[in-house]
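Participant: Quick one: this structure, given as structure tokens, is what I'll be asking you about.
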Amino acid sequence: MVPEMNQSSQSQKSFPKTQGAGSTGAASVRDARLRKHADYQRVYNSTRKQFSTSMTWFLAAREIGSATGNGPRVGLTAGKVLGKAHERNRIKRRMREAVRRHLNELPAGLDLILHPRRSVMTMDFVKLDAEVLRIFRQAASHASVTAPQSTAS
């Protein structure tokens with residue numbers, strides 16, 4: 001019986017690993033993430049907290065000559081106050097998907113941090129998706145209003 005189990009496990013290992021259809025777009029979404037603690041601190045220190053029905057958010061413009069690229073970057077936070085690890089992970093998965101769908105709404109050179117509330121875990125995804133889209137559009141309009149003032153200074 002042992003040799004049969006080894007043969008079946010070998011046959012399972014021989015299947016080629018295929019990547020999903022969306023695997024090429026995932027690299028661009030990963031590039032659009034805030035990663036460093038210093039980047040988070042810069043955004044927190046340069047702006048005021050904005051409120052939404054299901055989350056709070058922070059927005060800051062990035063320097064033009066930065067080495068991180070020109071595209072928008074989004075950071076997500078999920079502290080222990082949101083629940084246990086599996087609940088925080090679910091919130092972050094839902095948020096990442098909503099961000100991925102609407103990342104093209106943000107103009108280049110912006111850093112945005114989203115702080116979801118616990119209600120994000122149980123709310124309907126269509127509502128979450130619409131909320132993220134509304135925040136992105138509001139952030140884009142806020143950035144377009146403040147951009148001419150910063151270049152004139």
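Participant: Find all pairs meeting these conditions: Cβ atoms under 8 angstrom apart; at least six residues apart or on different chains; first residue within the range 31-56 and closer than 13 Å to residue 77 by Cα and open to solvent by less than 100 Å² (accessible area, probe 1.4 Å); second residue part of a helix (DSSP H, G or I) and acidic (Asp, Glu).
Facilitator: From the range 31-56, the pairs are 55/131.
Participant: Something else now. Quickly run through the range 63-85 and pick out the residues that are among the β-branched types (Val, Ile, Thr) and either modelled with pLDDT under 90 or open to solvent by 70 Å² or more (accessible area, probe 1.4 Å) (or both).
Facilitator: Scanning the range 63-85 gives 64, 68, 81.
Participant: With respect to residue 88, is the statement that it is over 24 Å from residue 145 (Cβ atoms), at pLDDT 90 or above and either touching an Asp or Glu at 6+ places or on another chain (Cβ under 6 Å) or of a type outside the set (S, T, N, Q) (or both) true?
Facilitator: yes
Participant: Looking at the range 30-44 only, could you name the residues that are touching an Asp or Glu at 6+ places or on another chain (Cβ under 9 Å) and in a helix (DSSP H, G or I)?
Facilitator: The answer is 39, 40, 42, 43.
Participant: Can you name every residue in the range 86-129 that is outside any helix (DSSP H, G or I) and either open to solvent by 30 Å² or more (accessible area, probe 1.4 Å) or farther than 23 Å from residue 43 by Cα (or both)?
Facilitator: Residues satisfying the conditions are 107, 108, 115, 117, 122, 123, 124.
The values are calculated or read from the model by the stated rules, or taken from the named source; none is laboratory data. Keep in mind it's a predicted model, so treat the numbers as computed, not measured. Cβ sites come from the backbone with ideal geometry, for glycine too, and all protein chains shown count toward neighbours. Note: accessible area is taken over every heavy atom of the protein model, side chains too, but ligands, DNA and RNA are not part of it. Shrake-Rupley method; radii C 1.70, N 1.55, O 1.52, S 1.80 Å.
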